[in-house]
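To start, the structure itself, in structure tokens.
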Amino acid sequence: MEEEIEGKRTIAEELLIKASVLKWCPIHEDIILSGGANIEDAYKLANYLFTNGKDEWELQHEFQDRREMTDAIKEMFEWHGGGADECALCMKD
Ligand SMILES: [Zn+2]
């Protein structure tokens, strides 16, 4: 059960990055920043992939329905605080 939730969070995070809502700091591999796009863009991409996704983006295999999927995306977005504008570690250097 825990692993299942973890998997959904990872996918939600990947969707946010794929939609450019969030992005990884190019230098610090564990820091997530704002990618500039709106969270609505991640919902749109996720809904598109829920219908049309293939291979690793077969979201219907991961989520029971669209509501569960968009809830997971929102949760991850908020967990990352919406993504910082600047990497705190890069600012220090
Ligand atoms: Zn950085």
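Brief remarks follow.
- From the list L22, L15, L33, the lone residue that is within 15 Å of the chain's Cα centre (by Cα) and more than 16 Å from the ligand (Cβ to nearest atom) is L15.
- Qualifying positions in the stretch 11-60 - in contact (Cβ under 8 Å) with a residue 60 or more places away in the chain and within 16 Å of C87 (Cα to Cα): V21, L22, K23, C25, I27, H28
- In the stretch 59-93, the residues that are more than 16 Å from the ligand (Cβ to nearest atom), over 15 Å from the mean Cα position of the chain (by Cα) and part of a loop (DSSP other than H, G, I, E, B): Q64, D65
- You will find that of D93, D30, D55, D65, the residue that is surrounded by fewer than 17 Cβ atoms within 10 Å (Cβ to Cβ), within 22 Å of E4 (Cβ to Cβ) and modelled with pLDDT under 95 is D55 and no other.
- Restricting attention to the stretch 38-55, the residues being of a type in the set (G, A, S) and either within 15 Å of the ligand (Cβ to nearest atom) or within 12 Å of the chain's Cα centre (by Cα) (or both) number 2.
The values are calculated or read from the model by the stated rules, or taken from the named source; none is laboratory data. No experiment lies behind these values; they were computed from the predicted model shown. Glycine also receives a Cβ, built like all others from the backbone with ideal geometry; neighbour counts cover every protein chain displayed.
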